[in-house]
1. Return the residues of the stretch 252-280 that are in a strand (DSSP E or B) and over 35 Å from the mean Cα position of the chain (by Cα); say none if nothing qualifies.
2. Can you tell me which of 37, 59, 107, 28 is buried (at least 16 other Cβ atoms within 10 Å of the Cβ), assigned by TED's automatic domain parsing to the domain that holds residue 180, under 22 Å from residue 209 (Cα atoms) and in contact with a helix residue (DSSP H, G or I) (Cβ under 7 Å, 6 or more places away or on another chain)?
3. Of the residues 250, 173, only one is out of contact with any strand residue (DSSP E or B) (no Cβ under 9 Å at 6 or more places or on another chain) and surrounded by 11 or more Cβ atoms within 10 Å (Cβ to Cβ); which?
4. Would you confirm whether or not the stretch 74-91 contains a residue that is in a loop (DSSP other than H, G, I, E, B), at positive phi and either at pLDDT 90 or above or loosely packed, with under 15 Cβ neighbours inside 10 Å (or both)?
5. Within the stretch 126-135, can you find the residues that are assigned to a helix (DSSP H, G or I) and either outside the structural domain of residue 188 (by TED's automatic domain parsing) or more than 18 Å from residue 190 (Cβ to Cβ) (or both)?
6. Taking the conditions exactly as written (modelled with pLDDT under 95, farther than 25 Å from residue 271 by Cβ, out of contact with any strand residue (DSSP E or B) (no Cβ under 7 Å at 6 or more places or on another chain) and crowded, with 19+ Cβ neighbours inside 10 Å), does residue 95 satisfy them or not?
7. Of these, 130, 120, which one is over 19 Å from residue 172 (Cβ atoms) and in contact (Cβ under 8 Å) with a residue 40 or more places away in the chain?
């Protein structure tokens, strides 16, 4: 089976501005990959190239073995833009009917009902978009990206307008897509969400890949924290094996110890160490 997405040496310039500078990125079947980076890093440009909306300056992008802008590739790609707007007068069901026609999907009413159920909008099928909350519109946008049973789904900030319950719904949906063999590229600023659901993470900055790997591989230990009568003491370079000696030394100095823990690193820590200075 060909990769769901395979980008090689991808470059894109807008005049003198270089948005992408030789990015390589691959998604296997059923793989969920998070694309992270500060504003202007090239994430949305990459996503638009992958779904055929923007032409690269150079490099190659294939979707399921086809050129990304070709008809076969676009027929197997679902896409939710970061900024989207549905007609306010249209109902949720009518929005999906429109996108079924655009995608030439033969799924009909059964497909629409299934997708609305997936994003927990079954009860709102007849509600107009203008009467929906921002979060409901976001979930409707995810539903339209799944029309036609795509093999690759590109989601640009899909949880930005969702409350915690809505984000949990989307996490469950993403896990379901993975089980069905659908590859997902998730472009998001919510690092905690990416850390929870993604198999791999790619961090880009200024158009280049600066880190790639599983979330656990990118995080670094945060040291050891010991709770004393005088407050918490942090030892950033210590590890679990250092705890007995640290406690013994503190007790010898007259400190009272109430607890000790290894401080786990997070994807956010790794991200900020790579691009935090530039982003700030």
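The values are calculated or read from the model by the stated rules, or taken from the named source; none is laboratory data. Because the structure is a prediction, the values reported are computed rather than measured. Here Cβ is always computed from backbone atoms with ideal geometry, including for glycine, and neighbour counts include all displayed protein chains.
1. Applying the first criterion (in a strand (DSSP E or B)) to the stretch 252-280 yields 257-262.
257, 258, 259 - these are the residues of the stretch 252-280 that are in a strand (DSSP E or B) and over 35 Å from the mean Cα position of the chain (by Cα).
2. Values: 59 fails: in contact with a helix residue (DSSP H, G or I) (Cβ under 7 Å, 6 or more places away or on another chain); 107 fails: under 22 Å from residue 209 (Cα atoms); 28 fails: in contact with a helix residue (DSSP H, G or I) (Cβ under 7 Å, 6 or more places away or on another chain).
Unique residue meeting the criteria: 37.
3. Values: 250 fails: out of contact with any strand residue (DSSP E or B) (no Cβ under 9 Å at 6 or more places or on another chain).
Result: 173 is the single residue among 250, 173 that is out of contact with any strand residue (DSSP E or B) (no Cβ under 9 Å at 6 or more places or on another chain) and surrounded by 11 or more Cβ atoms within 10 Å (Cβ to Cβ).
4. The first filter runs over the stretch 74-91 and keeps only residues in a loop (DSSP other than H, G, I, E, B), leaving 76, 81-90.
Pick out the ones that are also at positive phi and you get none.
For the stretch 74-91, residues in a loop (DSSP other than H, G, I, E, B), at positive phi and either at pLDDT 90 or above or loosely packed, with under 15 Cβ neighbours inside 10 Å (or both): absent.
5. Within the stretch 126-135, the subset assigned to a helix (DSSP H, G or I) is 129-131, 134-135.
Across the stretch 126-135, the qualifying residues are 129, 130, 131.
6. Working: modelled with pLDDT under 95: no; farther than 25 Å from residue 271 by Cβ: yes; out of contact with any strand residue (DSSP E or B) (no Cβ under 7 Å at 6 or more places or on another chain): yes; crowded, with 19+ Cβ neighbours inside 10 Å: yes.
Criteria not met by residue 95.
7. Numbers: 120 fails: over 19 Å from residue 172 (Cβ atoms).
Going through 130, 120 in turn, just one is over 19 Å from residue 172 (Cβ atoms) and in contact (Cβ under 8 Å) with a residue 40 or more places away in the chain: 130.
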